[in-house]
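Report on the structure given below.
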Amino acid sequence: MLEEAALIKQLREEAGDVKGCFTTYSMQALVFSSLVLTAIFGTMEKFPLIVLSGIPVIILLMIICRVGIYKYPTANRLYGYELHLARSRHFDELKDKQGNIIWKDEYRRVPWEEAQRAWRVVQTCLFRKIYETPETNSISRIFHSTCIFRWVNYFWPFAYKLKKKLKKEIEKINQQEQGTHNNKYAWFLLKEITSVPLSIFDDSTNITHEQNDMKKTGEKVVSIYHAGTYLKNILSMILIMQYILLLPLVIAIFMPPRGVTGPAFLTSKEITVLTSVLVVMLVLIALRYFRVSRRRTILEEELLSIHSCAIVWQVVIMAHFRALGREPCLFHNYTRELTKAALEFSKDVLDRTMFMGTLAEGPECDLQTRPAE
């Protein structure tokens with residue numbers, strides 16, 4: 001098993017490679033798109049239907065966006081593990097209010113591939129508990145069950161939203177009277193946990209006059225969590241290129257060049273077909289953009305962020321050892337027991353007593369900190 005310093009170095013290198021891979025794919029795809037666009041403009045007068053050549057390139061760009069949306073969660077998972085190791089370094093043992101040990105120092109020394117295996121079960125269970133996924137949505141399952149309409153799920157814009165029941169529970173928690181002890185909060189929503197009620201400031205001299213007025217009305221002040229704009233900018237560039245690739249189609253329909261003595265550039269029937277194609281592509285690009293934007297929000301500000309991944313890693317490791325402790329023979333029925341543990345931890349995803357990082361804040365835990373070295 002790698003030493004911690006060597007493991008962190010390996011994780012950082014892998015995370016950098018993952019992000020660099022997406023950047024390379026994106027730049028190459030944009031260059032290729034530019035070349036195709038140039039070729040279309042250079043030949044569209046002689047070969048009018050060449051304007052349709054941009055559609056396969058648009059599909060390629062959509063795939064590149066999908067690659068990025070799944071590459072960056074991998075990087076965040078790796079960075080989140082490093083953050084998890086840094087946090088758990090500060091204590092040796094953690095007990096719940098019943099006196100059961102839920103965390104030991106040895107839990108930090110899990111082989112990386114073993115931890116990865118557990119992650120793929122526990123994190124997936126938590127994700128589907130929080131969000132409406134194509135696998136859990138009834139309408140999406142209908143589309144998926146039919147081969148003809150299975151592609152619709154790729155553009156379904158309502159996927160990956162917070163589940164309605166969970167969203168209502170979060171709203172109810174936010175409406176509760178401030179200052180009351182509450183063991184529940186939306187730990188995976190950075191906008192929620194960075195919204196601080198001004199009522200916590202007892203001394204009005206510590207806040208501005210504007211904030212003092214907000215305090216009287218019960219408003220909150222938000223401390224912004226900035227995840228960076230690099231991914232957003234790259235995805236925006238790819239989106240703009242998709243629309244630019246439709247420009248030859250627009251020109252062919254609305255501004256067709258005409259020969260000196262020859263017939264029109266396109267027949268009316270061809271124009272009708274091209275118009276239909278243009279409308280369909282505009283709709284599909286917009287739908288796919290909404291889908292990608294939602295995934296990016298989850299990646300930067302919600303469950304797939306580095307902050308949330310660190311907390312999820314703590315749950316993953318606890319679930320791993322809980323699964324190991326239920327069978328007399330090591331790893332006997334491990335996957336089944338791990339699934340049980342994952343379901344137990346995801347029973348109430350808002351309950352802070354289910355997560356080690358928040359247990360340390362409450363009076364119901366006994367935290368033995370590591371002495372300073």
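When only DSSP loop residues count, what trypsin sites (Lys or Arg not before Pro) in segment 32-85 have their Cβ near at most 12 other Cβ atoms within 10 Å?
Here the trypsin sites (Lys or Arg not before Pro) that fit, given the DSSP loop and packing criteria, are 46.
Using a 1.4 angstrom probe on the protein heavy atoms only, could you order 141, 352 from most to least accessible area?
141, 352
Mind checking Rg over Rh on segment 1-106, alpha carbons, Kirkwood formula for Rh?
1.34
Ratio of segment 57-160's C-alpha Rg to 2.2 N^0.38 Å, to two decimals?
Normalised by 2.2 N^0.38 Å, the Cα Rg of segment 57-160 equals 1.50.
Report the Cα centroid-to-centroid distance between segment 276-345 and segment 42-65 in angstrom, as an integer.
Computed from Cα coordinates, the inter-centre distance equals 35 Å.
How would 89, 108 line up by accessible area, probe 1.4 Å, largest first?
Putting 89, 108 in descending order of accessible area: 89, 108.
In segment 1-82, which GluC sites (Glu not before Pro) fall in coil by DSSP and have 16 or fewer other Cβ atoms within 10 Å?
The qualifying sites are 3, 45.
What figure, in Å² to the nearest 10, do you get for the accessible area of residue 113 with a 1.4 Å probe and non-protein molecules left out?
130
Rounded, prolate or oblate: which one fits segment 270-337, using the alpha carbon gyration tensor with axes a ≥ b ≥ c (rounded when a/c is under 1.5, else prolate when a/b beats b/c, else oblate)?
It comes out oblate by the Cα gyration axes.
Taking all pairs of different Cα atoms in segment 140-179, averaging 1/r and flipping that mean, what Kirkwood radius in angstroms comes out?
One over the average 1/r among Cα pairs gives 12.6 Å for segment 140-179.
What are the ³J(HN,Hα) values, in whole Hz, obtained from phi via the Karplus relation 6.51 cos²θ - 1.76 cosθ + 1.60 with θ = phi - 60°, for each residue of segment 283-297 in sequence order, with x given for Gly and Pro?
Result, ordered by residue: 5, 5, 5, 5, 4, 5, 5, 4, 5, 5, 4, 5, 5, 5, 5 Hz.
Any chance you could look up the accessible area of residue 195 with a 1.4 Å probe, heavy atoms only, rounded to 10 Å²?
For residue 195, solvent-accessible area is about 30 Å².
Each residue of segment 41-52 in turn: what ³J(HN,Hα) in whole Hz from Karplus with 6.51, -1.76, 1.60 and θ = phi - 60°, glycine and Pro shown as x?
Values per residue, Gly and Pro as x: 5, x, 10, 5, 6, 7, 10, x, 6, 5, 4, 6 Hz.
Using θ = phi - 60° and the Karplus curve 6.51 cos²θ - 1.76 cosθ + 1.60, what whole-Hz ³J(HN,Hα) does each residue of segment 161-169 get, with Gly and Pro shown as x?
Per-residue couplings from phi come out as 8, 4, 5, 4, 5, 5, 4, 5, 5 Hz.
The values are calculated or read from the model by the stated rules, or taken from the named source; none is laboratory data. All values derive from a computational prediction rather than experimental measurement. As a convention, Cβ positions derive from the backbone with ideal geometry for all residues, glycine included, and neighbour counts pool all protein chains shown. We work out accessible area using only protein heavy atoms, side chains counted, and drop any ligands, DNA or RNA first. Shrake-Rupley method; radii C 1.70, N 1.55, O 1.52, S 1.80 Å.
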